[in-house]
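Take a look at the structure set out below.
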């Protein structure tokens, strides 16, 4: 077995989307000749706890942990948040409009903690891992970001020990949807871009989750080494082991289910407008149920109230991953929302692929020429409408509703096996083999 050290901030019992990509890679890496070693914080600030994910951690896996200092205690005190409360991702606010103190805290985070609030873990991690790796050599390094401080740890280890390094981008760095919300000074913006460019230049392989993001990262690298074939796309996917194999009864109501964090930039105004129109029909209103599983921004809650849809909402705060999978298979429709931001075309959420595995029709809202639309059309798994396409979305929902009323609402998706976690791990192992053999 070759050995690979994986530097990741998120690891079980942390829940949420950030942990699953590398948890699933690690689950299958041994099948392709690689023994993974995990390095993760001992006391990180995690958004949600999900012990159900621990079943995927392989037996006898080496997991290295060291303490991390993060400024979140001071941050919570500054904004009036209780110590035990969790920090939401993407500047999501569930119960109120952001206070002035929160805006100040965001400004401080963007301009003083570069690239992120985990930057104080870089130096102690490099010191600890340098000593560990001298005694326990590995054939490759992997860093998973965000947080992008993980890349800075791997970059320094590569410089000191000359170990081949794969930098994996689950989300963009300077092109992420909330980058402009950080209120960066010119100096901070230049520093973010400089750090990102160094990572892209020095990594032996750069992997991202969508074709468009891969192209964006190539551009971010500038002209240096542009001819190298080191930029690779390996999407997120679904795990066959997660699919509920028993009999699943679909919801009695015409349920439209969104699973995952619903931030401001995903607020589907066009959908609320369409549903507000359709519920004027008593027959449609009698059957409609809007299921929202996960944290929901106050902006979304207010939109639902504004369009008179609050009475149709079934809000569920969080479900363990094991329960979510079955929940998705029960829904009549699965709602896929692409953030309405400048990088919208490149967004491919991990949840999308689990939707595919659920074999229920997907109704999507986002760029009709984006990466998600391309896969949706290739797999015949659902329909996508643009952010302002009221008539197109209305027709899609009405067509699905008619099928639901006749008891024939289903989907005949195809070619989804290419997105299985096992197949994607095989692709990852090939990249690791390539950089470790040079």
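The values are calculated or read from the model by the stated rules, or taken from the named source; none is laboratory data. Because the structure is predicted, anything quoted here is derived from the model rather than measured. Please note: Cβ atoms are built from the backbone with ideal geometry, for glycine as well, and neighbour counts cover all protein chains shown.
Miscellaneous remarks
- Which numbered condition residue 299 fails, given (1) part of a loop (DSSP other than H, G, I, E, B); (2) at pLDDT below 95: (1)
- Checking every residue in segment 151-161 against the condition of being farther than 16 Å from residue 435 by Cβ, surrounded by fewer than 17 Cβ atoms within 10 Å (Cβ to Cβ) and without any contact (Cβ under 8 Å) to a residue 24 or more places away in the chain gives zero matches.
- Only residues that are over 21 Å from residue 110 (Cβ atoms), part of a loop (DSSP other than H, G, I, E, B) and within 18 Å of the chain's Cα centre (by Cα) were counted across segment 18-77, and they come to 3.
- Lone unmet requirement of (1) crowded, with 16+ Cβ neighbours inside 10 Å; (2) under 21 Å from residue 410 (Cβ atoms); (3) at pLDDT below 90 for residue 289: (3)
- Enumeration of residues in segment 1-11 that are under 13 Å from residue 61 (Cα atoms) and in a loop (DSSP other than H, G, I, E, B): 11
- Among the residues making up segment 301-319, those that are free of Cβ contacts under 8 Å to residues at least 12 places away in the same chain and closer than 15 Å to residue 278 by Cα are 310, 311.
- Residue 425 passes every criterion in (1) part of a helix (DSSP H, G or I); (2) exposed (fewer than 13 other Cβ atoms within 10 Å of the Cβ) apart from (2).
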